[in-house]
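To start, the structure under review is shown below, and the notes come after it.
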């Protein structure tokens with residue numbers, strides 16, 4: 001049987017296509033994440049019911065938005081390895097001669113894509129329900145940058161932690177317990193940048209550029225660490 | 001050349017030795033059955049030989065390829081049929097096989113996949129999701145998956161668990177048909193069955209080799225008597 | 001291939017012999033430091049707010065209360081906890097490289113010490129916050145970082161409890177300890193560098209005077225010794241447990 005060693009990139013593409021195809025077929029993750037995001041918005045509606053007019057939504061909006069994103073992502077990340085475990089597929093993939101970090105990168109990419117897909121729906125919904133009472137600042141479109149950087153970082157470290165917790169008892173809770181403290185710095189930076197862009201006050205760049213750069217730094221450092229350590233995690 | 005060759009192979013954690021000083025060589029084309037009571041280290045030995053677990057000591061070679069130095073080359077030589085199918089339930093039989101064919105870099109994946117589906121008699125179901133298959137059919141797809149890259153050595157990890165007698169019959173037939181000059185290594189609880197299929201038998205107890213011999217040197221009666229004693233030893 | 005022999009930490013050698021004396025010496029030094037802090041050292045200068053601030057119900061510029069003596073304990077405890085975390089991650093890496101169970105034991109014990117000292121840091125830090133700044137909690141960079149560190153340390157042990165297979169548990173623990181070590185400084189940097197419009201910046205003006213430095217140093221040395229002594233004692237206990245388990249396994 002003639003075999004040509006496939007390039008790392010083509011293996012990455014194959015694995016990614018597998019995740020996307022599965023999701024396209026079942027829509028399991030996207031539906032559950034989307035519904036969950038909507039539910040969080042409804043809970044916000046109740047939580048802010050009495051304060052809705054007096055509350056400083058311009059300064060709270062960024063934070064609330066990120067709460068929504070963090071918890072929705074947590075749900076998706078926890079699910080992302082369930083399918084790999086179900087029939088021992090993870091082992092099947094690991095039996096193939098491929099670099100372990102490819103498995104990590106492919107999974108992280110699919111998680112980024114799913115999270116972004118949900119954000120595309122959830123962020124406009126959030127805006128529609130809570131932010132339309134105030135005139136939008138001209139800098140509002142800039143929230144895309146922290147959303148993107150934050151999603152990449154959360155998906156990266158989340159993929160790593162999800163691989164670990166998928167082998168533990170009460171995996172979902174375990175993932176949250178590890179995930180939230182570890183992403184705190186990223187969350188802090190992203191909330192600051194998002195809030196700055198939403199408020200768009202005179203010196204908004206002071207609160208936007210620096211946090212964004214720091215968030216990028218966090219992404220780079222954490223993705224590198226995860227990338228290096230992933231081999232150990234899967235060959236445990 | 002020997003298909004499998006181990007020298008003082010050990011897998012230990014702390015003082016617990018799951019595989020302890022295992023030395024044997026298996027000529028190419030043989031069928032090795034590994035027996036032993038629960039916790040004897042059969043599955044661990046198979047995981048070490050299939051590069052899913054790292055040995056802590058000793059050496060192991062598959063067709064002359066050192067597992068520690070060249071794990072990726074060794075991975076290309078082996079196929080694994082386990083009690084878990086390692087197939088993604090939401091993908092079709094064909095998609096599953098294509099996925100693995102591409103990951104292994106099989107030269108003409110589409111042709112190879114349809115050839116294999118023919119061989120396991122599931123061409124008519126190739127567009128159905130694996131989730132809809134019976135246990136027996138899933139296991140047949142699993143055989144095709146393990147053979148997609150034409151491995152020299154095939155590992156079988158309790159392949160019969162959950163199969164009804166009829167499915168077992170088909171499974172055996174298929175294994176016979178795809179046997180060729182490949183080497184098989186099987187872990188099984190079923191003494192009579194494992195013994196009837198093998199050319200070599202290996203009995204493990206508490207991680208150590210109790211017996212390793214070609215079948216023609218032992219009679220089944222003596223063997224099962226010996227095994228009973230061993231199991232007794234392992235349990236006591 | 002050249003075989004490298006790795007030296008594996010073992011209980012029962014000279015380090016254990018000095019563990020108890022180290023613990024006692026540490027306790028003595030800490031007590032001495034305690035006395036120095038109250039009887040000899042000058043009040044911590046600085047620790048002032050950048051602008052007058054309404055804290056509690058009073059307008060304060062800075063308060064120089066007896067509470068500032070907490071500083072002499074707070075800082076050493078915080079340093080020791082971070083050192084313990086660094087050791088935890090170091091042994092975690094050693095474990096991942098060698099797969100030697102004993103490194104995992106070391107890593108775990110170091111993390112236990114780190115957790116203990118992080119909790120002490122949180123308590124002393126919170127007392128400081130209450131008396132110096134008049135609030136029980138503020139999302140100040142150092143406080144935040146230590147809260148996060150505490151949560152990670154707790155998560156580390158929750159994770160250990162949730163994995164059954166000992167080798168897998170050790171591997172995951174090693175990986176998480178490394179991620180934790182990387183995450184904590186990043187967390188501090190990010191919370192520190194991002195300008196916050198809500199909280200006053202706490203500036204620590206000027207260095208420490210020699211008498212203050214001496215006091216801090218004495219307490220730091222004491223705390224280090226206490227940390228070391230506790231580490232060795234706990235390690236010996238864990239090792240003896242492991243050996244007992246091994247003997248039981250052999251008898252089976």
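Just so it is clear, none of the values below were taken in a lab; they were calculated from the coordinates. These figures come from a predicted structure and were not determined experimentally. Cβ: placed from backbone, ideal geometry, glycine included. Neighbour counts: every protein chain shown.
When shorter helices are ignored and each DSSP H run of at least 4 residues is given -39500 (n - 2.57), the per-residue value for the protein assembly as shown at 222 nm works out to -20500 deg cm²/dmol.
How many percent of Cα pairs in the stretch C:89-159 exceed 22 Å? That tail contains 35 percent of the Cα-Cα pairs. Could you identify which residue out of A:135, A:211, A:185 has the top mean-square fluctuation in a GNM of chain A using Cα springs shorter than 10 Å? Evaluated over chain A, the most mobile residue of the options is A:135. Which angle from 0 to 90°, rounded to the nearest 10, does the C-alpha axis of helix B:93-104 make with the longest principal axis of chain B? That works out to roughly 60 degrees. By the beta-carbon count within 10 Å of each Cβ, the least crowded to most crowded order of B:164, A:19, fewest first, is B:164, A:19. Here the convex hull built on the C-alpha positions of chain B has a volume of 126 cubic angstrom per residue. Can you classify the stretch A:1-128 as rounded, prolate or oblate using the Cα gyration tensor, where a ≥ b ≥ c are the square roots of its eigenvalues, rounded means a/c under 1.5, and otherwise it's prolate if a/b beats b/c and oblate if not? Prolate is the answer for the stretch A:1-128, as a/c is 1.5 or above and a/b outweighs b/c.
Helix A:171-199 axis versus longest C-alpha principal axis of chain A: approximately 40°, rounded to the nearest ten. Between A:67, A:96, A:40, the Gaussian network model of chain A with springs among Cα atoms under 10 angstrom shows the greatest mean-square fluctuation at A:96. Most simply put, chain B has about 55% antiparallel DSSP beta bridges, counting only bridges with both residues inside it. With the alpha-carbon atoms of chain A aligned to their principal axes, the span from lowest to highest coordinate is 70, 33, 30 Å, starting with the largest.
Panel values: the stretch A:154-226, Kirkwood radius from alpha carbon pairs, Stokes-Einstein at 20 °C and 1.002 mPa s, translational diffusion coefficient 160 µm²/s. Here, the protein assembly as shown is characterised by an Rg to Rh ratio of 1.04, where Rg is the alpha-carbon radius of gyration and Rh the Kirkwood radius.
Counting only alpha carbon atoms, the long axis of helix A:100-126 and the longest principal axis of chain A meet at about 30°.
Centroid-to-centroid, using Cα positions, the stretch B:147-183 and the stretch B:21-38 are 17 Å apart.
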